[in-house]
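Below you'll find the structure, written out as structure tokens, and then a few comments.
None of the figures in this text is laboratory data; all of them are computed from the coordinates on show. Everything numeric here is computed off the predicted structure, so don't read it as measured data. No Cβ is skipped: glycine too gets one built from the backbone with ideal geometry, and neighbour counts run over all protein chains shown.
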Ligand code: NAP
């Protein structure tokens, strides 16, 4: 049997390393394949999944939205986020799209962060694809406040509007949007005054060029003195494992969580949907770490 990874490019992904190890560990005869897919080939890649020897696929940048129109059904997890990262071929041949990032992030906060969202004040940096999954997790989890700091406030507004359309913005959660270049101290206030801070921008990621707001050497998006030991600081980046933000969090005595647990748990959720078996999470984590070390 086969599972594919649809993206462009795909050769940087560490998913094959831990997904293949998981299939092998359970004695499943499944090959995790890289399906490098330029935009004009998205429909052809999805069609491959309809073959009886295919369990499904993962979808990565830039096709998480584009695949949706070729699927037979979009699960609620993906409808809210507005993106599909996992496709499962059903026994009757129908293709269903899921998004396992919300589940992955929620589990990471619960198991590795020893925390939850209920009644918490959440501050989110960024308003792109990953931020959407984080926002859904926080809203569904019953956060008391969700503050989104974005360099394009309109992007954050459209994110919240979509989530509201899906009935995900509940009365118990106060939402606010703060421009990253806001000079009135709103960003500082939202960061000082939060229980969980999440970076969902690529700022601090290996290979990301420092061109954006607040990315000059001495000034990341968060000043160290804004962090307190009571805050859980979470960076969705997993390469490097200790980002500049997490380094600052640790120096201030705050709890620091990188993006690896989320990556592993979203992969484990996909694995379980394809195979119907529990994913060997500890092994997947070890293999992911090995792949990151190169
Ligand atoms: P994305 O859709 O491109 O969104 C990135 C967001 O960050 C956008 O709001 C973008 O604003 C903002 N941004 C980019 N550069 C910035 C800068 N220099 N200063 C301020 N804001 C900036 O990307 P994504 O898929 O959400 O990924 C975001 C990060 O999460 C990446 O580092 C990715 O590796 C990580 N991630 C981790 C996992 C995991 O499982 N751990 C899963 C998904 C993503 P503009 O739109 O204005 O550029």
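Values as computed for the structure displayed
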| item | result |
| --- | --- |
| Normalised contact order of the stretch 31-171, rounded percent, pairs of Cα under 8 Å and 6 or more residues apart | 17 percent |
| Stokes-Einstein translational diffusion, the stretch 26-83 - Kirkwood Rh over all Cα pairs, 1.567 mPa s, 4 °C, in µm²/s | 102 µm²/s |
| Cα-Cα P(r), the chain, percent of pairs per 10 Å interval | 6, 28, 35, 23, 7, 1 |
| Using alpha-carbon coordinates, inclination of helix 260-275 to the longest axis of the chain, degrees | 30 degrees |
| Bridge type composition, the chain - antiparallel percent by DSSP, nearest 5 | 15 percent |
| Globularity ratio of the stretch 117-230, using Cα Rg and 2.2 N^0.38 Å | 1.03 |
| Normalised contact order of the chain, rounded percent, pairs of Cα under 8 Å and 6 or more residues apart | 17 percent |
| Between 0 and 90°, nearest 10: helix 153-165 axis offset from the chain longest Cα axis | 60 degrees |
| Pairwise FRET efficiency - residue 72 versus residue 31, Cβ, R0 = 30 Å, nearest 0.05 | 0.80 |
| Whole-angstrom gap from the stretch 258-275 to the stretch 1-61, using each part's C-alpha centre | 14 Å |
| Rounded FRET efficiency, nearest 0.05, which uses the C-beta distance separating residue 228 from residue 157 and R0 of 41 Å | 0.90 |
| Distance from the stretch 127-141 to the stretch 181-195 (C-alpha centre basis), Å | 19 Å |
| Packing-based exposure ordering (other Cβ within 10 Å, fewest first) of 102, 10 | 10, 102 |
| Cβ-Cβ FRET estimate between residue 114 and residue 252, R0 fixed at 22 Å, reported to 0.05 | 0.75 |
| Cα centroid of the stretch 224-246 to Cα centroid of the stretch 63-125, whole Å | 24 Å |
| Over the chain: helical MRE at 222 nm, DSSP H runs n ≥ 4 each giving -39500 (n - 2.57), nearest 500 | -10000 deg cm²/dmol |
| Length released on extending from residue 47 to residue 290, taking residue separation times 0.36 nm less the Cα-Cα span | 84.2 nm |
| Residues of the stretch 112-136 with amide N under 14 Å of the 7 Å Cα→Cβ point at residue 208 | 124-132 |
